[in-house]
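K.L.:
The structure that follows is given in the form of structure tokens.
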Amino acid sequence: MSSEFPVRVGRLIKWVSALSCVLLFGMAALFGFGLTQVDFRWLSYPLLALPLVCLLFIVRGYRIDGSTLYVRRLLHETTIDLRDLRSAEVLPRVFDRALRIFGNGGLFSFSGWFWRRGQGLLAAYAMDVGAGVQLRWDDRCVVLTPVDPQGMVASLQAHLGRPRSG
């Protein structure tokens, strides 16, 4: 038996993605058509590739099947083993006081590695900076942003024999 959870897409990610694409495609056109004093045509290719690469890692939803959480991406799924999960809790702001170490900070997703004092590294698979779910193991932490965070926590507790909240 599996449970599906759609991802919540926040207003911030829509604005950041739209403005970033306009800026990147505009700069690629400016450089590609040779409208600058110096020939920067070669620079138009990475500027066009960046949004396309980021689009591959967009978060499209979550699925819990047995002891595995699947993060649906554009062309693949990222798997997270839920065995030994210590806690699952709803946070009002999943990125509160988190510092991005490596990853994407708003171009089609908030994903990658972040750091938060008192918790250390956390992996993010999110599309919003608001309320979400924090999953904790002894050695790692993951944040997600489903439409129904309480429903996801309840489903995790049902699938895994009630991990402690908090």
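All of the numbers you see were taken from the coordinates with simple rules; none came from a lab. Predicted model, so just to flag it, every value in this text is computed and none were measured. No Cβ is skipped: glycine too gets one built from the backbone with ideal geometry, and neighbour counts run over all protein chains shown.
K.L.:
Only loop residues by DSSP count here, and only those with at most 16 other Cβ atoms within 10 Å; note down the trypsin sites (Lys or Arg not before Pro) in the range 75-114 that meet that. Spell out each step's value before the answer.
P.N.:
Working: sites: 83, 86, 93, 97, 100; in loops: 83, 86, 93, 97.
Those that pass, being in a loop and sparsely packed, are 83, 86, 93, 97.
K.L.:
Positive end of the dipole of the range 1-161, charges at C-beta (+1 Lys, Arg; -1 Asp, Glu), about the Cα centre: which of 118, 149, 134 has its Cα farthest in that direction?
P.N.:
Sorting the options by dipole projection puts first 118.
K.L.:
Relative contact order of the chain: what whole-number percent is it, with Cα pairs under 8 angstrom and at least 6 residues apart?
P.N.:
24 percent
K.L.:
Go ahead and collect, in residue order, the members of the range 112-130 whose backbone nitrogen is under 19 Å from a label point 7 Å along the Cα-Cβ direction of residue 96.
P.N.:
So the set is 114-130.
K.L.:
Highest GNM mean-square fluctuation, the chain, Cα pairs closer than 10 Å: which of 82, 69, 43?
P.N.:
Of 82, 69, 43, the most mobile in the Gaussian network model is 43.
K.L.:
Between rounded, prolate and oblate, where does the chain land on the alpha carbon gyration tensor, with a ≥ b ≥ c its root eigenvalues, rounded for a/c under 1.5, else prolate if a/b exceeds b/c?
P.N.:
prolate
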